[in-house]
Amino acid sequence: MTATQPVQTRASIVRVVGASLVGTTVEWYDFFLYGVAASVVFGDLFFPKGEQLTGTLLSFATFAVGFFARPIGGVVFGHFGDRLGRKQLLVLSLLMMGLATFAIGLLPTYAQVGALAPILLTVLRLIQGFALGGEWGGAVLIVSEHGDPARRGFWASWPQAGAPAGQLIANGVLAGLAAFQSDADFNRWGWRIPFLLSAVLVLVGLWVRLRIEESPVFQQARAKQEPADKLPLLEVLTQYPREVLTAMGARMAENVSYYIFTIVIATYAKEHLGMSKSFALNAVLIGAAVHFFAIPLWGALSDRIGRRPVYLIGAVGVGVWGFLFITLVDTKNFALAALAVTVGLVLHGAMYGPQASFFTELFGTRVRYSGVSVGYQLASIIAGGLAPFIAVALLKTYDSGYAIAVYIAVCAVISIVAVTSYSETHRRDLTTL
């Protein structure tokens, strides 16, 4: 199908891409900061003292709670995003995420207020999840619905690069603090600094986002009186059930592998291998830097050969690499561990790069915000949300990292089936959907 999407100037699309990238970087910084902190300090600070891995499991349980809030955020933000537009909801999601993250940095610990500490932590995590549930759909749509359709995969992949950028900043700040502070100081007050710093990043993100224009595809649909005239969610579930399932299945390998390669590795290295906090944090730091540049390259390749071939490279790749990942990390050699993370994230990028344009092309403009948000965020519950918890539980049960590798491989098979069972989408015209 020949694309006739409204074409914007290069300056316009670069401005929109920049605004989306800055915003997603801030939001993912906030979200991943929690994940890294959950793996290294929250188990000790916010839960009763006990066996180490048990405390980490409880900490990862609150991490998972954020994922359960994401589909709700996706539905709410998707509903209003399909009716009011993409821009307003993107500003709101960023503000909510920033305030919740800043508040985490002010929380009292379990030693100070007892059971109230994990309760407050869980509430703020729910707010984080709700905000991020609305963020992703709007960020990728406002880029996908701007610019040259022939390069949609490339441009839409840049908001995706906000994930490794946020991870890079979060891990970098934590690694820097861990390097220059004693464990006692870091556990007592140092961990709070990165959460409080999010306030500055949010202000920058809001300033950039308030300056962009609304999606031209959405404006065109509104001019033709084409926005959904009933609940967008109902229209998605009745008219696009296959597309929702395709998006969910495609996310399994992508989401699970990412959290294992970037978050579970910290627990694995610390608790199973007896390595320092900085061992895993610095390995992820290197991998995230390479990941940032790999994502748009994979997105650009998907414009040339299609979304499916590129996505399958990633799904098959992480399914196999999971076993080599464990082998290399088990050497306790930093260079090999960094290689394990880096290659894993490059393969992950083959899925994450074209994912934004692929999911955008699954749904019509009337319900596109709701569709991509629901498909993406529902998978987040069973994939990313439970991945750290399941991985640590497998490690505790089998005392071997290869059980985690099998888990990645199973998820890879699910994604391979989901992607191969759907037709190629990269030639679709968003204005006719």
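Some values worked out for this structure:
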quantity	calculated
Ranked by how many other beta carbons lie within 10 Å on average, peptides 331-341, 107-117, 244-254, 403-413 from highest	244-254, 403-413, 331-341, 107-117
Unit charges at the beta carbon, dipole of the chain: most positive-side option, VAL14, GLY353, ALA103	VAL14
Accessible area per residue, Å², the chain with all protein chains present, probe 1.4 Å	34
Global geometry of the stretch 165-277, whether rounded, prolate or oblate, following the gyration tensor of its Cα atoms and the 1.5 cut on a/c	oblate
Where N is the number of residues in the stretch 27-96, Cα Rg divided by 2.2 N^0.38 Å	1.44
The stretch 115-225: Rg to Rh, with Rh as the Kirkwood radius over Cα pairs	1.10
Among 197-203, 422-428, 71-77, 257-263, the order from most to least packed when residues are scored by Cβ within 10 Å on average	257-263, 71-77, 197-203, 422-428
Note, ³J(HN,Hα) from phi for the stretch 275-286, Karplus 6.51, -1.76, 1.60, rounded to Hz, x at Gly and Pro	8, 6, 4, 5, 4, 6, 4, 6, 5, 5, 4, 5
Built amide H within the under 5 Å cut-off of THR425, gap 5+	ARG307, ARG308
Karplus-derived 3J(HN,Hα), 6.51/-1.76/1.60, for each residue of the stretch 309-323, Hz, glycine and proline x	x, 5, 4, 5, 4, x, 5, 5, x, 5, x, 7, 5, x, 6
Percent accessible area from carbon and sulfur atoms, the chain, protein chains only, probe 1.4 Å	70
Mean projection area, nm², convex hull over Cα of the stretch 248-330	5.8
Spin-label model distance (nm) - GLN219 vs ARG83, 7 Å beyond Cα toward Cβ	2.3
Table column - 3J(HN,Hα) (Hz), the stretch 65-73, Karplus curve with 6.51, -1.76, 1.60, x for Gly and Pro	4, x, 6, 5, 7, 5, x, 5, x
Size of charge dipole - the chain - debye, nearest 20, with Cβ of Lys, Arg +1 and Asp, Glu -1, no other charges	560
Hull shadow area, averaged, the stretch 236-291 [alpha-carbon convex hull, nm²]	5.1
The chain: angle of helix 241-259 to the longest principal axis, Cα-based, in degrees nearest 10	30
Leading residue at positive end of dipole, the chain (Cβ point charges), from ALA61, ALA379, THR262	ALA379
Convex hull of Cα atoms in the stretch 132-181, direction-averaged projection (nm²)	4.1
Theoretical FRET efficiency, 1/(1+(r/R0)^6), r = Cβ-Cβ of ARG304 and SER421, R0 22 Å, to 0.05	0.45
Spatial extent of the stretch 280-433: Rg and Dmax, with the Cα atoms as the point set, Å	16.8, 53
Taking the chain and dividing mean pair separation by its residue count, relative contact order in percent (alpha carbons under 8 Å, at least six apart)	28
Packing-based order for 371-382, 86-97, using average beta carbon neighbours within 10 Å, highest first	371-382, 86-97
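The values are calculated or read from the model by the stated rules, or taken from the named source; none is laboratory data. The structure displayed is predicted, hence computed values, not measured ones. Neighbour counts are summed over all protein chains in view; Cβ atoms, including those assigned to glycine, are modelled from backbone coordinates with ideal geometry. When the accessible area is computed, the model is the full protein with side chains, heavy atoms only, and any ligands, DNA or RNA have been set aside. Shrake-Rupley method; radii C 1.70, N 1.55, O 1.52, S 1.80 Å.
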